[in-house]
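The values are calculated or read from the model by the stated rules, or taken from the named source; none is laboratory data. Keep in mind that this is a model prediction, so the values were computed, not measured. Cβ sites come from the backbone with ideal geometry, for glycine too, and all protein chains shown count toward neighbours. Heavy atoms of the whole protein, side chains included, go into the accessibility calculation; ligands, DNA and RNA do not. Shrake-Rupley method; radii C 1.70, N 1.55, O 1.52, S 1.80 Å.
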Amino acid sequence: MTMKKTIFTFLMLFPLYILTAQVIRGKVVSEKGEILPGANIYIDGTKTGTISGEDGSFSLTVSGGNLGNMVFQKEEYETFTAPVPDLINKNLKVVLTRLHEIEEIKLIPYTAEAYQKYIKYFLDTFIGSDHENVRIKNQKTLKFSFDKENKFLKVKAPKTLIIENKNLGYEIQYNLVSYSADFNTQMVSYTGTSFFKETKNSDKVRLNRMNAYDGSMLHFFRSLYENKISEDGFIVNHVVKVPNPKYPTEEELKTLNNYRLMNKASKISQIPDDILDISQRKNSQKPYALAITQTKIPDSDYVKRENGQVLFTFKDMLQVNYQKYFYEQEGKSFVKSKYPVVLSSYLHPEGETFEVSKEGNISNPDLLINEGDFSKNKIENMLPLDYQLGD
């Protein structure tokens, strides 16, 4: 029987009689009422943050219209997040609850063996390919669990990850909430909160940041918010899923699974040709193909602007194409190269509605699936939401 721990985090809001525009202030305490100095307080995904003082108090000025989340984080305490608009011009008493280690019977344990076997895969899919210049300083705090039967990898980080990105000149404090990889579907998903500290700002670093931004998903959503999709060079097409006739049917997949269960029990050495065929098609084919039904669709097909809000929604899938001209340095200037690289990405809104902020942030980002070049924008290319081109 697995024991489940329940942790309650309380946020008490007391309105100020004299309001100061766009300021978040308050005090951080423990569940026992103890003052908590040194708590990290920041807007998720930005360089905007502060630390609670010796008396637990803090004050932070934020820009108007910010849709992000405020994160309150301290080691050995449960991290708390709340939407920025809900906190502006209120005097906060933030109560953080200490994490209590409760022994649990785990069906799929976290082991050193799993760490050693899958650490490179994790770094490739989470950090990116440049392990030399982008690294997790406290990598050994990661815990790995692998379900061999279902081919499912899970990773957790009991401590805040400290990620050094020499290429972009940032140190990132990353709280990894969840990471999972399904080896059957090749789907990887992870969520977390991040706070950026600038460590370097040379010409080379600024050039790298410009190239990381140009054509990125952050760039796309900022263009969408500003109603500049076409002007900025993005081409959006309507895409639908078409069943792949080469992929095994539900009945074939059931036959394959039954055979595996039988083989596990009886240790059959010779695999029948029909089972081998199903297995090969399952591993080499995708369940569906993508078909473009309409090119260069207007943004009115997937953007709604009402009551000052910019909403992104679409019932099917969108293909986003972009001709990227990499920035190069000529003397003291940054200029675009003559020959472009074509980027192609796919977004799966699937009927969900996302509010877009001027920073290029979206509400409920976990619900938006992305593929193609957008999915390559891992931690090594991640910029803070308050980045501006040329910074």
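So what's the gap between the Cα centers of the stretch 271-286 and the stretch 120-167, to the nearest angstrom?
Using only Cα atoms, the two centres lie 32 Å from each other.
Over the chain, what percent of the accessible surface lies on carbon and sulfur atoms, probe 1.4 Å? Write down the numbers at each step before the final one.
On the way: 11240 of 21950 Å².
After summing per-atom areas, the C and S share lands at 51 percent.
Heavy atoms only, probe 1.4 angstrom, no DNA, RNA or ligands counted: give me 180, 63, 357 ranked by accessible area, highest first. Please report the intermediate quantities before stating the final value.
Values: 180 30, 63 55, 357 0 Å².
Sorted descending by solvent-accessible area, the residues read 63, 180, 357.
Taking a probe of 1.4 Å, how large is the accessible area per residue of the chain, in Å²?
Working: 21950 Å² over 391 residues.
Dividing the accessible area of the chain by its residue count gives 56 Å².
Specify, per residue and in Å³, the volume enclosed by the convex hull of the alpha carbon atoms belonging to the stretch 42-101. Working shown, then result.
Working: hull volume 5.9 nm³, N = 60.
Dividing the Cα hull volume of the stretch 42-101 by its residues yields 99 Å³.
How many angstrom separate the Cα center of the stretch 35-79 from the Cα center of the stretch 206-258?
With the stretch 35-79 and the stretch 206-258 each reduced to a Cα centre, they are spaced 33 Å.
How much net charge surrounds residue 48 when only the other residues with a Cβ under 13 Å from the Cβ of residue 48 are counted, with Lys and Arg +1 and Asp and Glu -1?
-2
List the relative contact order of the stretch 240-391 as a percent without decimals, with contacts defined as Cα pairs under 8 Å and 6+ residues apart. Intermediate values should be presented prior to the final figure.
Details: 172 pairs, mean separation 27.8, N = 152.
It rounds to 18 percent for the stretch 240-391.
How big is the chain in terms of Cα radius of gyration and Dmax, in angstroms?
My reading of the Cα-based Rg and Dmax gives 23.8, 79 Å.
For every helix of n ≥ 4 consecutive DSSP H residues, a contribution of -39,500 (n - 2.57) applies; sum these over the chain, divide by its total residues, and give [θ] at 222 nm rounded to the nearest 500 deg cm²/dmol.
On the way: 5 runs with 64 residues, N = 391.
Calculated from helices alone, the mean residue ellipticity at 222 nm is -5000 deg cm²/dmol.
What percent does the relative contact order of the stretch 230-294 come to when contacts are Cα pairs within less than 8 Å and at least six residues apart? Mind showing how you got there, number by number?
Values: 50 pairs, mean separation 42.5, N = 65.
In percent, rounded to a whole number, it is 65.
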